[in-house]
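Report on one structure; see the data block that follows.
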Amino acid sequence: MVSLFAACSPVTQPAPPLTPTRAPGPTPAPAPGWDDLAPYRAALRPAYAGDLDAFAAGTQYRIALSIADDLVSYTGAETVHYVNRATVPLDVVYFRLFPNARSYGGVLSLDTLRAGGAAVSPTFELHGSALRVALSAPLAPGASLDFDLAWTTRVPTSTVTAGYNQFGLHEGVLSLPNAFPLVAVYDDEGWNVEDAPGIGDAVYSETALYDVTVDTPAAAVFAATGTCAATEHGARRTWRCAGGPVRDFALMLSTRLAVETTTLDDVTINSYYLPEHVTVGKRAATDARNAVRAYERAFGAYPFAELDVVETHTTAGGIEYPGLVVIAADIYDDRRYAEGVIAHEVAHQWWYSLVGNDQVDDPWLDESLAQYSTIVYDEDVYGKATVQQENLVDELFGTRYRRVEGTDQDLRADLPVAAYTGSQYGAIVYGKAALFFDALRARMGDAEFGAFLRDYFTHNRYGVAHDADLLAALRPHIDPAALDELLRRWITTPTP
Ligand SMILES: [Zn+2]
């Protein structure tokens, strides 16, 4: 995410109709065995098809959504083949219902909940954004259990006061990130279920396989995580999406969007843009392609067959999802600014989507690297000399950090999102923590710094990285005393 605006102008929306047009019920995807990986292959570039193998015995989602003609509601059904990857038996499994989070502003009503085929009474927590499912018998490590859920969701159609208008129908663009019950993460802290503070990103999830069917009005342009193919049924269209090994699934829909498509090797890159932003919207496809090329050179391969950049009316500058990033419509008025936001959001495909992290508790791990990656992008596209002449490190990160440096607002950079105010979060996580990577590079030299980034990416792709994993990737490339000094200077002080 790029948090650019502390507040936004309220947007007036027409009131939703009292009786929304109801779409036909979801169409379940064909149900091959859980060991059949064929539905997921289209998501990956052929050279990376083997990446699926590690997830053959992991969690899988089969989701069917049906979106109403007026885009203000949808019905959903899913089967989640959940595999207990913990080392202890689980007697409870948590799902997150993000549409019910205050920062999403929707209403998701659960109609069906079954565990192992047996009906279960749901228990809701955190204003309905968490679903606790008590199991009739403990789920042993390595064992699996299938959950069936069905629901109806009404989306917000006017500005949501918390968050970033990241969910719902805003000025004709329907944004549906995390639109389905998503299994929470069980780790050494137990179940990670917490109410996100309304700033920063809200989602923490693990990589799984996604086979998603979406029934939509035929007139709407559709963008989603993964690779999708459509079949027409008169006024409706059904999309079948291979999500591959990803930690989430997002889709966007609008009759107003146009698309510009380009390619980089065998990766298709789409920019979906609004008609008032044709020039920058078309250019966004090239910017995203240049970003993928720069990051593949610097960090490692993008394994997926597609990447989408979608213009929406979010009040964040941009937000990242696996295989799809959204960029705020306001940004498209300034071409150079839009380019920087696109470079940041595309970098999240490496830092967040592939190398995962707990975005609620460890936001610096993905945000500061996505920030620093924009320097990698600028050097690749415009040359190192230009980046130095224009003093971009200081312009992008130094000026942010100086808003709090030397004041009682300064804090260590490795805290949970909730520890910061909105302005501290921008200055410290996006400024100070990005300067840590610049300082590392200056100390290590370009070759060792580049080797560290490639090591960190290679060892943690598809997984979840913690601070210790970043440090483990650093240690072979830097003197321990120098690392300690730089950590103290940029990350671990001052303590609150
Ligand atoms: Zn970000």
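Filtered by the rule that a residue be among the hydroxyl-bearing types (Ser, Thr, Tyr) and in contact (Cβ under 8 Å) with a residue 60 or more places away in the chain, region 239-293 gives Ser254, Thr255. Might you let me know whether region 314-330 holds any residue that is more than 16 Å from the chain's Cα centre (by Cα), part of a helix (DSSP H, G or I) and either under 28 Å from Thr157 (Cβ atoms) or in contact (Cβ under 8 Å) with a residue 12 or more places away in the chain (or both)? The answer is yes; a qualifying residue exists. Of the residues making up region 185-226, those that are of a type in the set (Gly, Ala, Ser), touching a Phe, Trp or Tyr at 6+ places or on another chain (Cβ under 9 Å) and part of a strand (DSSP E or B) are Ala208, Ala223, Ala224.
Within region 375-383, is even one residue part of a helix (DSSP H, G or I), within 14 Å of the ligand (Cβ to nearest atom), β-branched (Val, Ile, Thr) and closer than 20 Å to Leu440 by Cα? No. Each residue in region 387-405 was checked for being closer than 16 Å to Arg336 by Cα and over 27 Å from the mean Cα position of the chain (by Cα), and 3 pass. Would you confirm whether or not region 359-378 contains a residue that is modelled with pLDDT under 95 and within 14 Å of the chain's Cα centre (by Cα)? Within region 359-378 (the criterion being modelled with pLDDT under 95 and within 14 Å of the chain's Cα centre (by Cα)), the answer is yes, since at least one residue qualifies. A single member of Pro217, Pro181 is more than 16 Å from the ligand (Cβ to nearest atom) and out of contact with any strand residue (DSSP E or B) (no Cβ under 6 Å at 6 or more places or on another chain), and it is Pro217.
I'd like to check something: does region 145-166 contain any residue that is within 16 Å of the ligand (Cβ to nearest atom) and at positive phi? Let's see the steps before the verdict.
Our first condition is that a residue be within 16 Å of the ligand (Cβ to nearest atom); within region 145-166, this holds for 163-164, 166.
Now narrow it down to the ones that are at positive phi: 163.
Yes, the conditions are met somewhere in region 145-166.
Looking across region 331-362, the residues that are within 12 Å of the ligand (Cβ to nearest atom), assigned to a helix (DSSP H, G or I) and out of contact with any Phe, Trp or Tyr (no Cβ under 8 Å at 6 or more places or on another chain) come down to Gly340, Val341, Ile342, His344, Glu345.
Return the residues of region 316-330 that are more than 12 Å from the ligand (Cβ to nearest atom) and surrounded by fewer than 24 Cβ atoms within 10 Å (Cβ to Cβ); say none if nothing qualifies. The answer is Ala328, Ala329, Asp330. When Ala202 is tested against (1) surrounded by fewer than 20 Cβ atoms within 10 Å (Cβ to Cβ); (2) at pLDDT below 95, only condition (1) is not met.
Go over the candidates Ala220, Ala230 one by one and state the one that is surrounded by fewer than 16 Cβ atoms within 10 Å (Cβ to Cβ) and over 28 Å from Ala130 (Cα atoms).
Answer to the selection: Ala230.
A search for C-beta distances below 7 Å between a residue of region 363-376 that is at negative phi and any residue that is near the ligand (Cβ under 7 Å from one of its atoms), counting only pairs 6+ apart in sequence or on different chains, returns Asp366/His348; Ala370/His344; Ala370/His348; Gln371/His344; Thr374/His344.
Restricting attention to region 313-331, the residues that are touching a Ser or Thr at 6+ places or on another chain (Cβ under 9 Å) and over 18 Å from Gly200 (Cβ atoms) add up to 5.
Is it fair to say Val107 is over 23 Å from Ala242 (Cβ atoms) and either in contact with a strand residue (DSSP E or B) (Cβ under 7 Å, 6 or more places away or on another chain) or at pLDDT 95 or above (or both)? It is true that Val107 is over 23 Å from Ala242 (Cβ atoms) and either in contact with a strand residue (DSSP E or B) (Cβ under 7 Å, 6 or more places away or on another chain) or at pLDDT 95 or above (or both).
So, Arg461, is that one basic (Lys, Arg) and within 25 Å of the chain's Cα centre (by Cα) or not? Break it down into steps so the answer makes sense when it comes.
Details: basic (Lys, Arg): yes; within 25 Å of the chain's Cα centre (by Cα): yes.
Yes; evaluated as a whole, the condition is true for this residue.
Condition check: touching a Lys or Arg at 6+ places or on another chain (Cβ under 6 Å) and under 27 Å from Thr255 (Cβ atoms). Does Val160 satisfy that? So Val160 fails the test. Scanning region 237-247 for residues that are over 22 Å from the mean Cα position of the chain (by Cα) and surrounded by fewer than 16 Cβ atoms within 10 Å (Cβ to Cβ) turns up nothing.
Of the residues making up region 165-184, just one is polar (S, T, N, Q) and in a strand (DSSP E or B), namely Ser175. Of the residues in region 205-214, not one is within 16 Å of the ligand (Cβ to nearest atom), closer than 26 Å to Asp53 by Cα and of a type in the set (Ser, Thr, Tyr). A count restricted to region 87-121 and to residues that are free of Cβ contacts under 8 Å to residues at least 60 places away in the same chain and either assigned to a helix (DSSP H, G or I) or in contact with a Cys (Cβ under 9 Å, 6 or more places away or on another chain) (or both) stands at 1. Quick check on region 232-241. Is at least one of its residues part of a loop (DSSP other than H, G, I, E, B) and polar (S, T, N, Q)? No, that holds for no residue.
The values are calculated or read from the model by the stated rules, or taken from the named source; none is laboratory data. Keep in mind that this is a model prediction, so the values were computed, not measured. Positions of Cβ are generated from backbone atoms using ideal geometry, with glycine treated the same way; all protein chains shown enter the neighbour counts.
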